[in-house]
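J.: Once you've had a glance at the structure underneath, I'll fire off some questions.
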Amino acid sequence: FASRSSFGVPASLSPLVPHVGASIMCSYAHAQYLKALARNSPKAEKWVKAIAHLDLVGSRQPTGHPVWVTQQVLHGGFAAGPKAGGPLVDWEIEQLEALGCKSRSEMNRFCLTQRGLAMLEVVLEEKRYACELVEETALLAVVAELRAGRPSAANDVMQAIAPFFDELRFYPRLLREPAPVSILVSAITSAELQHGLHAARERRKVLLHKRVCDDFYPLYVELLGMVADTQATETGDLFVRSPDKSRWRAWDKKYRSLRHEVCTKRMRRGSFAKLRELLVRCVAGERIYPRELGLAAVILQGAVAKRGLPGSPEAVWSMEISRAPIASFAPRRVWANLLCSRVSSCPASQGLDVDIRYVVTTEEQEKHGIPAGLGLPTFCSKLVNRATRDTLEGLIGKGVVKSSESMVPLASAMVAAAQASNPDPVLAHLHNQFSHAFMRRRSLLLLNYQSQVKEAEIPWCPRASKNKERSLANRLVAEQLVQLHLRHWPEVTIPNKLVSTLQRLTDAASVSLPLTEEIAADIFMGGFTSKFVRAASQALVADKLHLYRAFYSLPSEAPGDVKSFNRLCQEIAGVPSGVSISANGSHVEASMLLTTANLYALLDAGFFGPEHLQDAPERCFRRAVQLTAHEVAMTDWQTKKYRVKAAAFAWRQLVFFLSVSGSDVPAWCDSAAKTVHGYSAHLWGQQLRRLKDASLGVHSSIPWVRGWQAQKP
């Protein structure tokens, strides 16, 4: 850190210092490193590598490698080095040992020998390989080019990858059986399920409850029985007779062995502690005062009324009822062993195709000691649901997929299947693996309007056949993803990951759509590109969006060029960009208003229709009110900043949906006004009045809610 300046920016970043986000990016990277170091996290080493390349932050080659190299991307888009490099992974070590190679470099070169090429050709034909990264498909692509009679193309690939043979792996993971191709997906693999089961820690409260039921409760019941034995037969007074000496000594020995292990609070205070103290004094022959006798009588009467007299059938039944929830308790490690035995025959690299959520069998009871007929506990069910393969819709319904951003990685199977349309099944499978791996790449932090790496920039990108079937398949997948997003998360802006996927699918389907991504405010460069102008030009002149334009006071003329669009964004934001991150955010929000955040472009191209927006306005309004309803959250400026932004974006979605749905907007506003509640009820009441006036063609002086309006006091 010797190169850091007095305000936290490394000296190597001096060309970027004039940019408002440069010092923030550097400080953020150092802060993340210190946080990981304080937690003794393995990410600390990765952040060290990212900090070492801060001089290249914001470029497409953040570590100096070619753009096609898959980077290990940390939070915030910082690169920590090639993902295909670094230490050997487990499957790689096994594969090298099986083939007699000692290093990654030797393995790369072995695959180019006559024996290696023959092995890869057999693997390619039989589809017995799996690729996590695009680099792992490179040597297979060389074999595919040689197989197709294109040695010059194979030589071009070799020229690109040969300089990195010592650092990166370009060979796939070999499988014993052909890799299945299916649109069924799972959030985690079988191997990750087993790791998650063994990593689950016991819940302290559950363990304490078990000790209470097993040790403390029987001890307390026996104490009540001894106190009841001291009661006089004629008068009913307590502590008249001394308890049985041998019984008392046995009880006291058990008490002393447990008092430092479990339930110390229960044993040192309350009814238990008071009765024990009085019984000790009774055994010792000390005097017990009337007030203490009355207190003991009240405790005993309450226990008898609730549980029955100790030793009676009612008390035994009550104890069994209390112990019933914990009688079948088994530690999590035992459950983990049971479930791991069920999935031992499943492939470790993919999800589960069989349902393992059945009750415990008799054989499993004998082996693991868990009562037969018992169902899986909650922590097991959640992990199994994440590992069980299902359709994307099914995983969303189970609650495994909770946002459209987490939906995108799981949609890679659908996208890859649509992209890999090829009459040759061998090449189709290779393209499928390539597309699947490419979609796993994480986005880098880029500046100066640079774009993320595209498939065509990979030197060994498979040649896609242009045909109607492939175009139709890509369009259908894009429609399905858009409709899933609007059906389950209509209140959320389409995330950048999904926008990139949709752009890729629409390009493959030969549909020209100006899809725009939400730009991060801290790296906003003060302007926008031409695709923002195209998107705004479509939305601002659309007849369907009359209500949308009226509510936000937008012009009905399309901006002519980028300068006009930037000027219009500044007019809407009301502040020049570059002054602060909040000012940059206001410009980004203005661009999203003008482009409708991709909604109109998708609607106009037929990717969804009003029939897919049945309850979307209600859900958007409910979410906006919910985010701003809590007074404590809305009085803290930092929490308010995020909540108001999310609520304002949900409101923008609402206005768009009402504009295109053909609903009776005044009646809808009157109905929604009755449900407004919480801390910001006045704010949403005003927005409803402005929306109603806009639908009636009446000018309103009420300002519309802005997402970047919350400022630090």
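The values are calculated or read from the model by the stated rules, or taken from the named source; none is laboratory data. Please read all numbers here as calculations on a predicted model, not as lab measurements. When we count neighbours, we look across all protein chains shown, and the Cβ atoms used for this are built from the backbone with ideal geometry, even at glycine. For accessibility, only protein heavy atoms count, side chains too; no ligands or nucleic acids. Shrake-Rupley method; radii C 1.70, N 1.55, O 1.52, S 1.80 Å.
J.: Could you say whether any residue in region 664-671 is among the small types (Gly, Ala, Ser) and surrounded by 14 or more Cβ atoms within 10 Å (Cβ to Cβ)?
T.: no
J.: Taking Ala411, is it crowded, with 21+ Cβ neighbours inside 10 Å, within 28 Å of Ala130 (Cα to Cα) and without any contact (Cβ under 8 Å) to a residue 40 or more places away in the chain? Before you say what the answer is, go through the steps one by one.
T.: On the way: crowded, with 21+ Cβ neighbours inside 10 Å: yes; within 28 Å of Ala130 (Cα to Cα): yes; without any contact (Cβ under 8 Å) to a residue 40 or more places away in the chain: no.
So Ala411 fails the test.
J.: Looking at region 447-469, which of its residues are within 21 Å of Gln72 (Cβ to Cβ), open to solvent by 20 Å² or more (accessible area, probe 1.4 Å) and not polar (S, T, N, Q)?
T.: Matches in region 447-469: Val453, Lys454, Glu455, Glu457, Pro459.
J.: I need every pair where a residue in region 291-312 that is farther than 14 Å from Gln231 by Cβ has its Cβ under 7 Å from the Cβ of a residue that is at pLDDT 75 or above and open to solvent by 40 Å² or more (accessible area, probe 1.4 Å), sequence separation at least 6 or different chains.
T.: Taking only residues 6 or more apart or on different chains, the pairs are Leu295/Lys274.
J.: A further question follows. Just one of (1) open to solvent by 40 Å² or more (accessible area, probe 1.4 Å); (2) closer than 19 Å to Lys641 by Cβ trips up Arg689, so point out which.
T.: For Arg689, the exception is condition (2).
J.: Output the residues belonging to region 141-162 that are of a type in the set (Val, Ile, Thr) and either surrounded by fewer than 15 Cβ atoms within 10 Å (Cβ to Cβ) or under 15 Å from Pro462 (Cα atoms) (or both).
T.: The answer is Val142, Val143, Val157.
J.: Residue check: is Leu554 open to solvent by less than 30 Å² (accessible area, probe 1.4 Å), part of a loop (DSSP other than H, G, I, E, B), closer than 28 Å to Arg689 by Cα and among the aliphatic types (A, V, I, L, M)? Show your work before the answer.
T.: Values: open to solvent by less than 30 Å² (accessible area, probe 1.4 Å): yes; part of a loop (DSSP other than H, G, I, E, B): yes; closer than 28 Å to Arg689 by Cα: yes; among the aliphatic types (A, V, I, L, M): yes.
Criteria met by Leu554.
J.: Hey, another quick one. Residues in region 528-551: is at least one polar (S, T, N, Q), free of Cβ contacts under 8 Å to residues at least 40 places away in the same chain and assigned to a helix (DSSP H, G or I)? Step through it out loud before you land on a result.
T.: Within region 528-551, the first condition is being polar (S, T, N, Q), and the residues that meet it are 529-530, 537-538.
Of the ones still in play, those that are also free of Cβ contacts under 8 Å to residues at least 40 places away in the same chain are 530, 537.
From the residues that got through so far, the ones that are assigned to a helix (DSSP H, G or I) too are 530, 537.
Yes, the conditions are met somewhere in region 528-551.
J.: Same structure, new question: State all residues of region 12-57 that are part of a loop (DSSP other than H, G, I, E, B), modelled with pLDDT under 85 and open to solvent by less than 50 Å² (accessible area, probe 1.4 Å); if no residue qualifies, say none.
T.: His19, Val20, Gly21, Val57, listed by residue number.
J.: Still on this structure: I need the full set of residues from region 536-567 which are of a type in the set (A, V, I, L, M, F, W, C) and within 21 Å of Ser700 (Cα to Cα), in order please.
T.: Start the filter on region 536-567 by keeping residues that are of a type in the set (A, V, I, L, M, F, W, C), which leaves 536, 539-542, 545, 547, 550-551, 554, 558, 562, 565.
Across region 536-567, the qualifying residues are Leu540, Leu545, Leu547, Ala550, Phe551, Leu554.
J.: May I pose another question? Report the residue count in region 100-140 for those that are open to solvent by less than 20 Å² (accessible area, probe 1.4 Å) and either assigned to a helix (DSSP H, G or I) or at pLDDT 95 or above (or both).
T.: Count: 14.
J.: If a residue counts only when it is open to solvent by less than 30 Å² (accessible area, probe 1.4 Å) and of a type in the set (S, T, N, Q), which helices (runs of 4 or more DSSP H) contained entirely in region 563-654 have at least 1 such residues? Steps first, please.
T.: Values: elements: 581-595, 599-604, 616-627, 631-635.
Output list reads 581-595.
J.: Does Asp522 satisfy the condition of being acidic (Asp, Glu) and surrounded by fewer than 17 Cβ atoms within 10 Å (Cβ to Cβ)?
T.: Numbers: acidic (Asp, Glu): yes; surrounded by fewer than 17 Cβ atoms within 10 Å (Cβ to Cβ): no.
No; evaluated as a whole, the condition is false for this residue.
J.: Now a separate question. For region 348-374, enumerate the residues that are open to solvent by less than 40 Å² (accessible area, probe 1.4 Å), modelled with pLDDT of 85 or more and not in a helix (DSSP H, G or I).
T.: Gly351, Leu352, Ile356, Val360, Ile370
J.: Search region 386-401 for residues being part of a loop (DSSP other than H, G, I, E, B) and over 13 Å from Val354 (Cα atoms), and hand back the single one that is farthest from the chain's Cα centre (by Cα). I'd like the intermediate steps shown before the answer.
T.: Here is the first cut: in region 386-401, the ones part of a loop (DSSP other than H, G, I, E, B) are 389, 391, 399-401.
Filter again for over 13 Å from Val354 (Cα atoms), leaving 391, 399-401.
Numbers: Thr391: 18, Gly399: 11, Val400: 9, Val401: 8 Å.
Top of the filtered list is Thr391.
J.: Also, I was wondering about something else. Of all residues in region 195-213, count the ones that are of a type outside the set (Lys, Arg) and touching a helix residue (DSSP H, G or I) at 6+ places or on another chain (Cβ under 8 Å). If you could, list the steps in order and put the result at the bottom.
T.: Keep residues of region 195-213 that are of a type outside the set (Lys, Arg), which gives 195-200, 202, 206-209, 212-213.
If we keep only those that are touching a helix residue (DSSP H, G or I) at 6+ places or on another chain (Cβ under 8 Å) too, we end up with 196-198, 200, 202, 209, 212-213.
So the count comes out to 8.
J.: How about region 68-78: which of its residues are open to solvent by 30 Å² or more (accessible area, probe 1.4 Å) and modelled with pLDDT of 90 or more?
T.: Of all residues in region 68-78, those open to solvent by 30 Å² or more (accessible area, probe 1.4 Å) come to 72, 75-76.
Of everything in region 68-78, just one residue is open to solvent by 30 Å² or more (accessible area, probe 1.4 Å) and modelled with pLDDT of 90 or more, namely Gln72.
J.: Another question about this same structure. Go through the residues of region 184-193 one by one and say whether even a single one is in contact with a Cys (Cβ under 6 Å, 6 or more places away or on another chain) and either in a helix (DSSP H, G or I) or buried (at least 18 other Cβ atoms within 10 Å of the Cβ) (or both). Give the derivation first.
T.: Restricting attention to region 184-193, the residues satisfying the condition of being in contact with a Cys (Cβ under 6 Å, 6 or more places away or on another chain) are 190.
Applying the additional criterion that residues be either in a helix (DSSP H, G or I) or buried (at least 18 other Cβ atoms within 10 Å of the Cβ) (or both) yields 190.
Yes, that holds for at least one residue.
J.: Further, regarding this structure: Within region 32-67, count every residue that is more than 24 Å from the chain's Cα centre (by Cα) and among the hydroxyl-bearing types (Ser, Thr, Tyr).
T.: Qualifying residue count for the region: 2.
J.: Starting from region 220-242, take each residue that is on the phi > 0 side of the Ramachandran plot and list its partners that are open to solvent by 40 Å² or more (accessible area, probe 1.4 Å), counting only C-beta distances under 7 angstrom and pairs at least six apart or across chains.
T.: Cβ pairs passing all conditions: Phe239/Leu293.
J.: State the number of residues belonging to region 211-249 that are of a type outside the set (Lys, Arg), part of a helix (DSSP H, G or I) and open to solvent by 60 Å² or more (accessible area, probe 1.4 Å). Please lay out each step first, then the result.
T.: If we filter region 211-249 for residues that are of a type outside the set (Lys, Arg), which is where we start, we get 212-240, 242-244, 246, 248.
Those still in the list that are part of a helix (DSSP H, G or I) too: 212-229, 246, 248.
Filter again for open to solvent by 60 Å² or more (accessible area, probe 1.4 Å), leaving 222, 229, 246.
Within region 211-249, residues that are of a type outside the set (Lys, Arg), part of a helix (DSSP H, G or I) and open to solvent by 60 Å² or more (accessible area, probe 1.4 Å) number 3.
J.: Follow-up. Conditions first: (1) open to solvent by 30 Å² or more (accessible area, probe 1.4 Å); (2) farther than 24 Å from Gly606 by Cβ; (3) outside any loop (DSSP other than H, G, I, E, B). Ala437 passes all but one, so which condition is the exception?
T.: Ala437 satisfies all of (1) open to solvent by 30 Å² or more (accessible area, probe 1.4 Å); (2) farther than 24 Å from Gly606 by Cβ; (3) outside any loop (DSSP other than H, G, I, E, B) except (1).
J.: Would you check which residues across region 663-704 are closer than 15 Å to Arg622 by Cβ, assigned to a loop (DSSP other than H, G, I, E, B) and under 34 Å from the mean Cα position of the chain (by Cα) and list them?
T.: Thr675, Val676, His677, Gly678, Ser680
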